[in-house]
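Enquirer: One structure follows; several queries about it will come next.
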Amino acid sequence: MKITYLGHSAFLIEDLNIKALIDPFIDGNPVSRIKSSDLTGITHIFITHGHGDHMGDVESIAGRNKSVVVCNYEIAGYLSTKNLNTHAMHVGGKVKMNFGTVRMTNAIHGSGIETENGFICGGTAGGFVIEVGGKKVYHAGDTGLTLDMKLLESENIDVALLPIGGNFTMDVEDAVKAVEFIRPKIVIPMHYNTFKPIETDVNGFRCADKYSEVKVLNIMDSIEI
Ligand code: NI
Ligand code: MN
């Protein structure tokens, strides 16, 4: 499996039967290195919650690629009105898909969908444990530190993608605690330095190497697991 960091909380996951995006905030990201139109052959798009910096370019990418959008029931209802293919699920649910399994996890955060007419209900925020070819990736979405993360230790997560930017989510200190709870083989920080309120020194996160291998990715860096 190849995992590529696209910036903010956006990742590309590639394996034999899947070319998936998680939280594809590309064109609106001031530090993005690609355009959403560069992304082709996308089979699935995972959306953790309704905020604009996570829904991002889902409508254009999913429309163009005929991708299946995996997200909570409320966001799926919203995206269905835009004629997109969706798979609705919800926090705590687990499902088999053609590439492996997906579990939706709890996240402590909002999920309102920002539209021209203000916010509409986007259900509750979540994260995903995505299993492909026997490897498990946990994308936490936006979340505060929660004891629920301790439940993920028994999942034997290979790669955890955790927000560290503070203000809207865990900061560096809380994210280190999350790594202690989850004990993934590898941890990759996300959701920092995109905007002023989430500026942080990523080096403060490196002490999580007590619990996991910390890999700080630059935008467009990839790892193979
Ligand atoms: Ni958010
Ligand atoms: Mn966010």
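The values are calculated or read from the model by the stated rules, or taken from the named source; none is laboratory data. None of the values given here were measured: they were computed from a predicted structure. Cβ: placed from backbone, ideal geometry, glycine included. Neighbour counts: every protein chain shown. Just the protein is used for accessible areas: all its heavy atoms, side chains included, with ligands, DNA and RNA removed. Shrake-Rupley method; radii C 1.70, N 1.55, O 1.52, S 1.80 Å.
For every residue, the table says whether it meets (1) within 21 Å of ILE219 (Cβ to Cβ); (2) modelled with pLDDT of 95 or more; (3) of a type in the set (Asp, Glu).
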position	(1), (2), (3)
GLY123	no, yes, no
GLY126	no, yes, no
LEU145	no, yes, no
GLU155	no, yes, yes
PRO163	yes, yes, no
ALA175	yes, yes, no
PRO189	yes, yes, no
TYR192	yes, yes, no
LYS196	yes, yes, no
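Enquirer: Same structure again: Name the single residue, out of those in segment 58-67 being closer than 13 Å to LYS82 by Cα and open to solvent by 10 Å² or more (accessible area, probe 1.4 Å), that is farthest from ligand 2 (Cβ to nearest atom).
Expert: Only one residue fits best here, namely LYS66.
Enquirer: Taking only pairs six or more apart or across chains, which ones have beta-carbon atoms under 8 Å, a first residue in segment 133-153 that is free of Cβ contacts under 8 Å to residues at least 60 places away in the same chain, and a second residue that is charged (D, E, K, R)?
Expert: If the second residue must be charged (D, E, K, R), the pairs left are LYS136/GLU155; LYS136/ASP158; TYR138/GLU155; GLY144/ASP174; LEU145/ASP174; LEU145/LYS177; GLU153/ARG183.
Listed here are the residues, each with its yes/no results for (1) under 17 Å from ASP23 (Cα atoms); (2) not aliphatic (A, V, I, L, M).
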{"site": "VAL159", "(1), (2)": "yes, no"}
{"site": "PHE168", "(1), (2)": "yes, yes"}
{"site": "VAL187", "(1), (2)": "no, no"}
{"site": "ALA208", "(1), (2)": "no, no"}
{"site": "GLU213", "(1), (2)": "no, yes"}
{"site": "VAL216", "(1), (2)": "no, no"}
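Enquirer: Please work out which residue is nearest to the chain's Cα centre (by Cα), limiting yourself to segment 35-56 and to residues that are crowded, with 16+ Cβ neighbours inside 10 Å and more than 16 Å from ligand 1 (Cβ to nearest atom).
Expert: Ranking the qualifying residues of segment 35-56, first place goes to ILE45.
Enquirer: Tally up the residues in segment 178-188 that are open to solvent by less than 10 Å² (accessible area, probe 1.4 Å), in contact with a Ser or Thr (Cβ under 9 Å, 6 or more places away or on another chain) and assigned to a strand (DSSP E or B), please.
Expert: Number of matching residues: 1.
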